[in-house]
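As structure tokens, the structure follows; a few thoughts come after it.
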Amino acid sequence: MPDLNKPVSSQERKDILKSYRSLLKASDGIIKPGDVPMIREAIAVSLRQGKNLRRISGTPALLHSLEIARIVVEEIGLGRTSLICSLLYDVLRNGEITLEEIRQQFDDHVVLIMEGLAKVADLYNRNPSIRSENFRKLLFTFAQDVRVILIIVADRLRTMRTLDRYDRESQINICSEVSYLYAPMAHRLGLYNIKSEMEDLVMKYTNRAMYKFIAKKLNETKRARDKYIREFIAPLKKELSGQGLKFDIKGRTKTINSIYNKMRKQNVDFEQVYDLFAIRIIIDTELKKEKAECWKVYSIVTDKYQPNPSRLRDWLSVPKSNGYESLHTTVLGPNHKWVEVQIRTRRMDEIAEKGLAAHWRYKGIKSEKGLDQWLTNVREILENPEVNAADFIDDFKLNLYDEEVFVFTPKGDLRRLPKGATILDFAFDIHSEIGKKCVGARVNQKNVSIRYKLRNGDQVEIQTSSNQEPKQDWLNIVSTSRARTKLKQALRDIEYKEAEIGREMLVRRLKNWKLELTDQLIGQLVKHFRYKSVHDFFCDIAEDKLDVVEIKEFILKEREKEKELLESQQAGRSAENFVTPVETEEHYGHDVLLIDKNLSNVNFQLAKCCNPIFGDDIFGFVSVNAGIKIHRTNCPNAPDLRKKYGYRIVPARWTGEAGGSYLASLKVTGEDDIGIVTNISQVVSKDMGLKIRSINVDSHDGIFEGTLSVFVDNKQSLNTLMKKIKNIKGVFNVSRFDAV
């Protein structure tokens, strides 16, 4: 572990000065004279507040901040506001400066982005690895101002470039996150260079042997490859110059990761990958002449070399949704080798290099609309509270790397969808209600089913029916995140309606038989008929998959058993493990769930968020998939459950004698002393005779904070344990710990 408070060395000072000069050079033309004091103040804040502050890798925080700012300006193309925010991000994340202090020293534009960065920093400080619900919150923050994500992408890129300074576990965790979130995000935002570098660096640290092998092969073949590129380019240069065009032409070797993917997909060796490089022709021309000039260059290239018609890609007429515009073709070069040629203008090349940020310099260009629509879709999904976090991650990732197809409405409006999208995807893309009622479509004047996969240029007219309803197997047909999200929501609505109908049917039938449906009875029925949830139980009643007469027979049999048992008690015979006093039932009513020490009454589980133990005040909550969950009345989740799902709350209490084994968690704080953990363990094991499941202790500035998980018999036993631990010398406080 590096010393994070070590003073900056002379070499590091040189690196910081070099980085600062590079930043000033990259900022030339972006910042105005009035911005310089603010930028200097941002750097001064970093120096003052985090004088010896270092990253976990051991790198000086100021050097990291300067490099992020340089990437933001030079490689992404953002302006002075983002530059300042990049310099402040690290000191904010480490708590060296507050948002309030930033508000006092900087303008509203800076404050707005810093508020977003503060939310991201908070998520990372709570959990270094972004997963599940945090993933959703992270993207929601990104969706408010895209500059937030661009700065974080720059931060992750800088981290990847210095990954050799991290320990192995950190390298794997960071690579995993960059691979599943930040590289795809960079791709979607059009940052191809950053996306490619991230993927190469991920491979470098996760598949080192193959990375070194391909890098070595590329190095060995570099001379021959460069010679071939010169031979290929020479006649094109001559012809293009003769036509009076202003241009740059160069060869670009493909990334190690993309070469590896080709080897894997095509199942070939390195020597059999023919397209190791691409030729790029960049034209200097006016905006209104761009298309014509690109097609003119295409004509010159294909006159000189034989093209492969199936490999023509026209992203001039309809750009990709991330703003990418270019004309790609593959031609047969010298020695009968296929070569990819990319043709674009200077403006298109800047957008391809710097993605979304470059759009702000070219307002009004139609390619900008695709990104705006994508961000709108992201916000729409994020703001839907019904979407499960894990489902959201899967659905979101669907739309990050997909290629696209372009189709038309009957009125001629262009719609852009991921490659592989179906008629059903198209219907949901127009409107969720049209998607729900879709029965098919007419494509190019021919009838097709909802499973039809769209092709470029299709003209699509959706057909609907008022009798149509969404079906579960539609999830196997749709491929876009928008359609999946809307479809899952519609299916849940249908299921809830079905369940309510089933409940009403059962209540009505039981009422005719002079029987009452209580929550306790529901739990018994779900357990007896072997259903996973109450929801499934009521749905099957609604769909006539479960006969209500069978339910009646079960209830009457249970009543008969209870009657016989009561008679045997009155006759003085033993009824072991059955404790239901008449006066208690009269006091609590028939709807109280009775929980005995054997946890065997009904199909329920003890909630893990609050770990109730015998003696706690409790209540039951009827869950969708796991029967009834027992919570403490002071559970942190209780207010939310009662507010949102009051109709699923079941009164409950413990019955019978204390006993059993319950897991309880305690939070202990005190002085950081060598023998403190031993003393706590001795009290638990020897003095109380209890079993410890786990004990975790963390210390900071002479204070320790630990969590202790232990099995107890009841609440009284737990209270005694807490008193004994609190009496240990050096312990400040002991409290019940809830794993919310």
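The values are calculated or read from the model by the stated rules, or taken from the named source; none is laboratory data. Being a predicted model, the structure only gives us computed values, none of them experimental. Glycine also receives a Cβ, built like all others from the backbone with ideal geometry; neighbour counts cover every protein chain displayed.
A few comments on the model shown:
- Matching residues in the range 260-315 - criterion: being of a type outside the set (Asp, Glu) and part of a strand (DSSP E or B): Phe277, Ala278, Ile279, Arg280, Ile281, Ile282, Ile283, Gln306, Pro307, Arg313
- Residue that is within 19 Å of Asp90 (Cα to Cα), buried (at least 19 other Cβ atoms within 10 Å of the Cβ) and at pLDDT below 80, where the choices are Leu189, Leu157, Leu117, Leu138: Leu138
- Hey, Asp303 closer than 19 Å to Gly242 by Cα and not β-branched (Val, Ile, Thr) or not: yes
- Residue match in the range 480-492 (condition: in contact with a Leu (Cβ under 7 Å, 6 or more places away or on another chain) and aliphatic (A, V, I, L, M)): yes
- Selection status of Ile674, within 29 Å of Asn637 (Cα to Cα), of a type in the set (A, V, I, L, M) and surrounded by fewer than 16 Cβ atoms within 10 Å (Cβ to Cβ): no
- Among the numbered conditions (1) at pLDDT below 90; (2) assigned to a strand (DSSP E or B), the only one that Leu521 does not meet is (2).
- Residue check for Ala483: of a type in the set (Gly, Ala, Ser), in contact with a Gly (Cβ under 7 Å, 6 or more places away or on another chain) and at pLDDT 90 or above: no
- The range 449-470, subset exposed (fewer than 14 other Cβ atoms within 10 Å of the Cβ) and in contact with a helix residue (DSSP H, G or I) (Cβ under 8 Å, 6 or more places away or on another chain), residue modelled with the lowest pLDDT: Glu469
- Selection count, the range 162-208, where residues are over 23 Å from the mean Cα position of the chain (by Cα) and either farther than 16 Å from Ser258 by Cα or in the same structural domain as Ile259 (by TED's automatic domain parsing) (or both): 6
- For the range 502-518, the criterion of being under 38 Å from the mean Cα position of the chain (by Cα) and acidic (Asp, Glu) is met by no residue.
- All conditions but one from (1) surrounded by fewer than 19 Cβ atoms within 10 Å (Cβ to Cβ); (2) within 28 Å of Asp617 (Cβ to Cβ) apply to Val712; the one that does not is (1).
- Selection within the range 685-716: residues that are in contact (Cβ under 8 Å) with a residue 40 or more places away in the chain and of a type in the set (Ser, Thr, Tyr). The member of this set that is farthest from Ser661 (Cα to Cα) is Thr707.
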